[in-house]
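Heads up, the thing below is written out as C-alpha cells.
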Amino acid sequence: MRALAPEDVASARALVLGQFGGTRYEARSIEVLEDALIGSERGALGVVRGDGEVLALIVHGAVAGAQGVLRVDYLAGDPVAARALAESVVMAAEGSARLMAAELPDDACFALTEAGLVVLGFQQEACIPDLVAEGVALRVFTRRAGS
C-alpha cells in the first residue's frame, strides 16, 4: 500500500475505467484520479504489485471551505484490497478529521465504495432523489471522529 504517483497513471486509469467506463461517471472519475496523481488537494492510495499494476485504489481529499473534514471520492478495484485502503485512510484521519463524508450516486458502480465505507461505520445521513439523474439519487454518508 502506498500513495499513487504520476507513473501509476496508466494502471490506475485502467482500473478506474474498468469500474466507471461507459457510465455517466467516467469523465469525472478520471478527472478526480488525475487531480490526485498531480498532487492537488486530493490524494490517492493504492495497492500496487511489484510490476506496477494497481490492484485497488481510493481517492480522497479535503472538503473546500470545511475545517477538519475528509471526503472520500471513490474506491475501485479488488474489493478486499479496496476495503483495506479505506480502513487505512479512515484510521489515519481519526486524529485530524472531525468528520469524514462521501457523496455517492445510488448507482451500481459505487456499490464497492458504499460497502467499504459502511463496514467502517459510515452511515447514510441524507438522500436526495433524482439529483444525479431521473431515478438516480445522491446519498451522503458520514462518519464522525471516534465513532
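The values are calculated or read from the model by the stated rules, or taken from the named source; none is laboratory data. As the structure is a computational prediction, the values presented were derived from the model and not from experiment. In this analysis, Cβ positions are derived from the backbone assuming ideal geometry, glycine residues included, and neighbour counts consider all displayed protein chains.
Annotations
- Unmet requirement for Ala82, which otherwise passes all of (1) assigned to a strand (DSSP E or B); (2) surrounded by 15 or more Cβ atoms within 10 Å (Cβ to Cβ): (1)
- Restricting the stretch 125-147 to residues that are among the small types (Gly, Ala, Ser) and outside any strand (DSSP E or B), the residue that is farthest from Leu70 (Cα to Cα): Gly135
- Leading residue by the ranking (modelled with the lowest pLDDT) among those in the stretch 57-72 that are surrounded by fewer than 21 Cβ atoms within 10 Å (Cβ to Cβ) and within 25 Å of Ser11 (Cβ to Cβ): Gly61
- Taking the criterion of being in contact with a strand residue (DSSP E or B) (Cβ under 6 Å, 6 or more places away or on another chain), surrounded by fewer than 16 Cβ atoms within 10 Å (Cβ to Cβ) and either touching a residue at least 24 places away in the same chain (Cβ under 8 Å) or not β-branched (Val, Ile, Thr) (or both), the residues of the stretch 114-139 that qualify are Gly121, Gln124, Glu125, Ala126, Cys127, Pro129, Leu131, Val136.
- Taken over the stretch 3-12, the criterion of being farther than 11 Å from Gly77 by Cα, within 15 Å of the chain's Cα centre (by Cα) and outside any loop (DSSP other than H, G, I, E, B) is satisfied by Ala3 alone.
- The residues on offer are Gly50, Gly43, and the sole one that is more than 18 Å from Gly18 (Cα to Cα) and touching a helix residue (DSSP H, G or I) at 6+ places or on another chain (Cβ under 6 Å) is Gly43.
- Enumeration of residues in the stretch 5-18 that are of a type outside the set (Gly, Ala, Ser), more than 13 Å from Ala82 (Cβ to Cβ) and in contact with a strand residue (DSSP E or B) (Cβ under 7 Å, 6 or more places away or on another chain): Asp8
- Long-range neighbours under 9 Å by Cβ, at least six apart or interchain, first residue among the basic types (Lys, Arg) within the stretch 9-34, second surrounded by fewer than 16 Cβ atoms within 10 Å (Cβ to Cβ): Arg24/Ala133; Arg24/Val136
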